[in-house]
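Below you'll find the structure, written out as structure tokens, and then a few comments.
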Amino acid sequence: MSQETAPADTGEPTPVVPAQRQPDVRVRAGSRLRPWMILVVILLFLGQMAAGMVTAARQQSPTVDEPVYIGTAATYLQDHRFTYNYEHPPLAKLVIASGLAFTDVKLLKPYSNHPSALGTSLLYEDGNDAQHVLFAARLPMIILTLLFGLVVFAFARDLTGPIGGLLALALYAFSPDAIAFGALANVDLPSAGFLLTALWLLWRARQRPYVYLPLAGVALGASTASKMSTLPAVPIVGLLVVLTVWHLTRDRVAGERPVLRRLGLGAAAAAGVVAISVAVVWVCYLVVDPQMHWVSPTSVGPLTGVKANLTNLLPYPRAYRDGMRYQFNLEHATYSGFLFGESYQGSKWYYIPAALLIKEPIGMLILWIMGTVAMLITPRLRAAAPYILVPTLLLTLVALAGSRNWGVRYAIFVPVILAVVAAAVMAYRQRWLHVAAGLLAAYVAVSSLSAFPYYLAYSNEAFGGVNGTHEVLTDSNVDWGQDLSRLGTRLKERYPGQPVFLMYKGRGEPAYYGITAISPFSVPLDQVHGVIAISERCLAPMGACLPTTGNRRAARAQLDQILATSRKDELVGGSIQIYLR
């Protein structure tokens with residue numbers, strides 16, 4: 001038998017062999033799964049998500065914002081100008097335009113001065129099939145939303161292995177908010193998805209910086225070129241680039257003042273990434289109008305103080321900066337809100353957390369908490385916290401300061417990013433923890449599927465589901481004008497030949513959907529009999545649909561009398577209440 005012996009002491013110093021750097025974090029839980037099994041599960045998850053989005057996109061009439069974006073996208077194709085909806089950058093609308101490019105969309109001149117009227121005219125007055133145009137505009141967003149699902153899986157897999165990736169993908173693919181907003185021609189989900197992509201690429205840059213840092217800059221630019229609310233992510237990403245370079249150079253920078261040199265390298269890399277993101281924004285504007293024709297409209301309004309100085313310093317196109325000024329001025333106004341059945345003026349700082357508590361599945365909320373705790377207490381995952389948890393927290397704080405309590409969509413990045421965080425529970429090898437996570441994910445799936453296809457009006461079981469959301473929230477959380485098409489179908493099926501009175505808040509055209517109706521305020525009270533269909537936003541105490549002329553208090557009293565002498569019959573799509581009188 002051989003025997004190990006200690007090396008002889010030769011009197012010379014023993015050379016120090018540097019330890020080999022280990023990969024950052026990759027837990028191999030679930031490595032027994034064959035690649036084809038993982039692929040099948042991915043396709044199943046994304047397949048059901050696609051089915052939910054396509055069904056909703058086919059059935060829903062336009063939401064309040066969609067005609068604005070669709071009309072603007074059509075002008076991009078025809079006129080190559082930023083005249084409309086300059087308060088939002090062009091990338092998401094270019095994605096919408098990619099769908100319109102394959103349809104024969106007619107947009108007749110002269111255009112309306114107001115973007116919403118422009119879009120409504122395109123859909124209902126210019127000889128187009130409104131639902132066909134809507135679906136063509138929504139389809140590219142559906143595809144983009146599915147691609148973001150692959151990013152969710154890849155990010156979580158890099159952190160916790162394939163099982164963790166599948167858990168994260170399940171939460172994303174069954175997220176009612178991701179399905180609801182992914183099915184719309186809108187700007188909210190693209191900005192969140194591109195932001196998640198930037199954070200994932202930054203994490204990957206810890207291994208291959210020359211490849212992934214530039215790509216992170218591209219993704220960050222795509223996010224800020226979709227919606228300006230992600231601009232606060234730019235300095236956050238810059239700091240994360242410094243952190244990444246600090247990690248990469250911890251054993252490589254020698255000489256005097258290594259700390260300063262490492263910080264200098266990090267600052268230079270951060271400047272490069274930010275410059276790439278700015279260049280992406282410029283490219284998006286140049287795609288629309290290579291000549292960059294732009295004259296600041298009077299609607300921009302004056303802006304003074306720190307915000308004005310900051311806006312002037314930013315290296316973005318003038319149209320982008322004018323959009324920022326417009327958004328800042330919107331924040332100075334006072335708006336109405338509705339939360340937990342209470343109507344109020346102004347904003348509540350806790351609106352976003354409360355809306356998330358109502359709108360996200362209970363199992364998802366629990367998994368978010370479990371994943372956050374696991375990420376913070378697990379040494380091999382803690383390094384990822386600045387890349388995921390810190391941006392989510394800081395952007396949420398920015399959202400809390402907003403003056404418009406209009407929907408959970410202002411924080412749609414939360415369910416998108418925290419799906420990855422939830423996968424951290426798979427870093428532990430305890431079987432009971434994996435079983436608990438699987439059961440919670442199954443609970444999320446069941447809760448989501450129970451809302452099919454009314455995802456926009458979803459709330460979790462604690463708040464009554466689709467049929468109870470309107471009692472605690474309003475606006476884009478439940479009633480965004482999306483159910484006029486479904487109302488037309490319902491009236492034809494259940495109430496043929498009956499007189500119809502309609503109070504609808506949205507951009508849809510009732511006649512297009514076969515609805516012949518008048519306002520209940522257009523005739524004496526004793527003549528209001530038959531079917532009364534009322535959008536939930538009209539029923540809220542703010543009185544969103546009351547006549548704009550005359551005595552609004554008397555109109556409110558008349559509406560209350562109509563409701564008191566009517567029988568509630570059914571709720572269409574979660575957002576339009578039908579009464580019989």
Run through the range 397-491 and list the trypsin sites (Lys or Arg not before Pro) located in a DSSP loop whose Cβ has at most 11 other Cβ atoms within 10 Å.
Arg429
Mind checking the per residue accessible area of the range 179-310 for me, 1.4 Å probe, whole number of Å²?
43 Å²
I'd like the carbon and sulfur percentage of the solvent accessible area for the chain, probe radius 1.4 Å, heavy atoms only, ligands and nucleic acids excluded.
62 percent
Peptides ranked, highest mean first, by Cβ atoms within 10 Å: ranges 344-355, 557-568
344-355, 557-568
Burial order of peptide ranges 451-457, 62-68 (average beta-carbon count within 10 Å, highest first):
62-68, 451-457
From zero up to wherever the largest Cα-Cα distance of the range 482-581 sits, split into 5 Å bins and tell me the percent of pairs in each.
2, 13, 27, 27, 19, 9, 2, 0
Please give the FRET efficiency for Leu394 paired with Lys348, using the beta carbon to beta carbon distance and R0 = 25 Å, rounded to the nearest 0.05.
0.80
With every protein chain kept in place and ligands, DNA and RNA left out, what is the accessible area per residue of the range 449-516? Probe 1.4 Å, answer in Å².
40 Å²
When a/c is below 1.5 the answer is rounded, else prolate if a/b is larger than b/c, else oblate, so apply that to the range 233-358 with a ≥ b ≥ c taken from the square roots of the Cα gyration tensor eigenvalues.
oblate
So what's the gap between the Cα centers of the range 477-541 and the range 186-228, to the nearest angstrom?
43 Å
GluC sites (Glu not before Pro), loop per DSSP, at most 15 other Cβ atoms within 10 Å - longest free stretch of the chain
257-581
Which of the trypsin sites (Lys or Arg not before Pro) across the range 173-264 are loop residues per DSSP, with 10 or fewer other Cβ within 10 Å?
Arg252
Label corresponding to Cα Rg over 2.2 N^0.38 Å when calculated from the structure given, among (1) 1.08; (2) 1.00; (3) 1.67:
(1)
Could you let me know the centre-to-centre spacing of the range 339-382 and the range 142-167, using Cα atoms, in angstrom?
21 Å
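The values are calculated or read from the model by the stated rules, or taken from the named source; none is laboratory data. A quick note: this is a predicted structure, and the numbers were derived from the prediction, not measured. Neighbour counts are summed over all protein chains in view; Cβ atoms, including those assigned to glycine, are modelled from backbone coordinates with ideal geometry. Side chains are part of the model used for accessible areas, which takes the heavy atoms of the whole protein and leaves out ligands, DNA and RNA. Shrake-Rupley method; radii C 1.70, N 1.55, O 1.52, S 1.80 Å.
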